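A.B. asks: The structure that follows is given in the form of structure tokens.
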Amino acid sequence: MRHNKADNVDGWLVIDKPRGMGSTQVVGKTRWLMHANKNGHTGTLDPFATGVLPIAFGEATKLVPFVTDGEKEYEFVVEWGAQTDTGDVEGKIIATSDKIPNREEIMAAIPHFIGKITQIPPIYSAIKINGQEAYKLARKGQTVEMPAREIEIYALDLLEKREKSAKFRVRCSKGTYVRTLGADMAQYLGSCGYLSELRRTKCGNFSISDTILLDSLEKEEYIEQRRKSLLPIETSLRGIAEIAVSAEDARKLSMGQGISPKNYAGLKPVETAAAMLGNCLIALVRIDERKISPIRVFQNNITKKEI
């Protein structure tokens, strides 16, 4: 089937991002493969990193903040004995050390990095300094002072101790720089370190089991076949409170109107809940004692439901 004009495509495509490709490149590639007019990613992955990269299409882009703000999980390898200017294998070595931490030292250090900790993000990052990305300023040779930020490490596990490196798994909050975590751990252990591998295994409610390879997508000859890999927009809201609304109240929410909670027994006040008509997401709502108010309305879903 020949397509000339981009289509309205809704849903999530969770890509297992290949190494050497930027997140923005993946967005462009998948938009073309799906022949879609609107998409965007949640949470940038460094080009050298691989793993879970959720791509939102159409109405799903309204849910990007909920995925971006969610927990992340990574597996990463720290190479001991050297430090690079980028914090990863692609940078230039700027310091070395003969110290190679042993298993006992690593295990003793791990608790120091669990909980709320302060990080100074790498200068080779997309954080904006006076309106410009830090990595662009760094590449121009300009001095870049990165502000410290508080992040939270929920879990940190040693997966494998190797001769001159170690593999870890970390579960962390939004804004965590794993490159910085690796370098900080090495420094705490009296050594130097940089990441040689970085793989995101979870992003919000999405995990590796939800992913598809770009190569696999490209092998599908027809657009309709590629679109079968899309997950419903509701997938990103697994675990969020739901309220089943009537068709009449769904219409009101679709027009941006609040509805009364009196018809819904047992509702508790929540900042965000999913208003559902059957298995169709109508709106994200805020519930208090007086009103159920729409926060985000999903017009394409409403049209499909013909309420």
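A.B. asks: Somewhere in region 185-200, is a residue in contact with a Lys or Arg (Cβ under 8 Å, 6 or more places away or on another chain), surrounded by fewer than 16 Cβ atoms within 10 Å (Cβ to Cβ), outside the structural domain of LYS92 (by TED's automatic domain parsing) and part of a loop (DSSP other than H, G, I, E, B)?
C.D. replies: No: region 185-200 contains no residue that is in contact with a Lys or Arg (Cβ under 8 Å, 6 or more places away or on another chain), surrounded by fewer than 16 Cβ atoms within 10 Å (Cβ to Cβ), outside the structural domain of LYS92 (by TED's automatic domain parsing) and part of a loop (DSSP other than H, G, I, E, B).
A quick yes/no check of all residues on (1) farther than 21 Å from SER293 by Cα; (2) within 31 Å of the chain's Cα centre (by Cα); (3) of a type in the set (Val, Ile, Thr); (4) surrounded by fewer than 13 Cβ atoms within 10 Å (Cβ to Cβ):
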site: TYR222; (1), (2), (3), (4): yes, yes, no, yes
site: SER229; (1), (2), (3), (4): yes, yes, no, no
site: PRO232; (1), (2), (3), (4): yes, yes, no, no
site: ARG251; (1), (2), (3), (4): no, no, no, no
site: TYR264; (1), (2), (3), (4): no, no, no, no
site: LYS268; (1), (2), (3), (4): no, yes, no, yes
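A.B. asks: Test of understanding: among THR44, THR84, THR30, THR96, which residue is outside the structural domain of ARG171 (by TED's automatic domain parsing), closer than 30 Å to SER191 by Cα and β-branched (Val, Ile, Thr)?
C.D. replies: Numbers: THR84 fails: outside the structural domain of ARG171 (by TED's automatic domain parsing); THR30 fails: closer than 30 Å to SER191 by Cα; THR96 fails: outside the structural domain of ARG171 (by TED's automatic domain parsing).
Exactly one residue qualifies, and that residue is THR44.
A.B. asks: Given (1) modelled with pLDDT under 95; (2) over 18 Å from the mean Cα position of the chain (by Cα); (3) under 20 Å from GLY43 (Cβ atoms), where does GLY182 come up short, assuming only one miss?
C.D. replies: Looking at each condition in turn, GLY182 falls short on (1).
A.B. asks: Do we have LEU277 as closer than 30 Å to GLY22 by Cβ and surrounded by 15 or more Cβ atoms within 10 Å (Cβ to Cβ) here? Outline the logic, then answer.
C.D. replies: Numbers: closer than 30 Å to GLY22 by Cβ: no; surrounded by 15 or more Cβ atoms within 10 Å (Cβ to Cβ): yes.
Considered against the rule, which asks whether it is closer than 30 Å to GLY22 by Cβ and surrounded by 15 or more Cβ atoms within 10 Å (Cβ to Cβ), LEU277 comes out as no.
A.B. asks: Return the residues of region 69-100 that are closer than 20 Å to LEU159 by Cβ, among the aliphatic types (A, V, I, L, M) and modelled with pLDDT of 95 or more; say none if nothing qualifies.
C.D. replies: Matches in region 69-100: VAL77, VAL78, ILE100.
A.B. asks: Hey, another quick one. Limited to region 101-132, what total is found for residues that are at pLDDT below 85, surrounded by 15 or more Cβ atoms within 10 Å (Cβ to Cβ) and farther than 18 Å from GLN83 by Cα? First the steps, then the outcome.
C.D. replies: Going through region 101-132, the residues at pLDDT below 85 turn out to be 121-132.
Then drop every residue that is not surrounded by 15 or more Cβ atoms within 10 Å (Cβ to Cβ), which leaves 121-125, 127, 129.
From what's left, farther than 18 Å from GLN83 by Cα: 127, 129.
Residues flagged as at pLDDT below 85, surrounded by 15 or more Cβ atoms within 10 Å (Cβ to Cβ) and farther than 18 Å from GLN83 by Cα within region 101-132 amount to 2.
A.B. asks: Check LYS92 against each of (1) under 18 Å from TYR177 (Cα atoms); (2) basic (Lys, Arg); (3) without any contact (Cβ under 8 Å) to a residue 12 or more places away in the chain and name the one condition it does not meet.
C.D. replies: With respect to (1) under 18 Å from TYR177 (Cα atoms); (2) basic (Lys, Arg); (3) without any contact (Cβ under 8 Å) to a residue 12 or more places away in the chain, LYS92 is out only on (1).
A.B. asks: Return yes or no: is ALA6 crowded, with 21+ Cβ neighbours inside 10 Å and not polar (S, T, N, Q)?
C.D. replies: Values: crowded, with 21+ Cβ neighbours inside 10 Å: no; not polar (S, T, N, Q): yes.
The answer is no for ALA6.
A.B. asks: Within region 1-116, which helices (runs of 4 or more DSSP H) (wholly inside it) include 1 or more residues that are in contact with a Leu (Cβ under 6 Å, 6 or more places away or on another chain)? Even if it seems obvious, please write down each step before you answer.
C.D. replies: Numbers: elements: 23-34, 64-68, 103-109.
It comes to 23-34, 103-109.
A.B. asks: Looking at ALA155, ALA247, which is the one that is within 30 Å of ASN37 (Cα to Cα), outside the structural domain of VAL52 (by TED's automatic domain parsing) and small (Gly, Ala, Ser)? Explain how you work it out, then say what you get.
C.D. replies: Details: ALA155 fails: within 30 Å of ASN37 (Cα to Cα).
Answer to the selection: ALA247.
The values are calculated or read from the model by the stated rules, or taken from the named source; none is laboratory data. These numbers come from a predicted model, not from an experiment. Cβ sites come from the backbone with ideal geometry, for glycine too, and all protein chains shown count toward neighbours.
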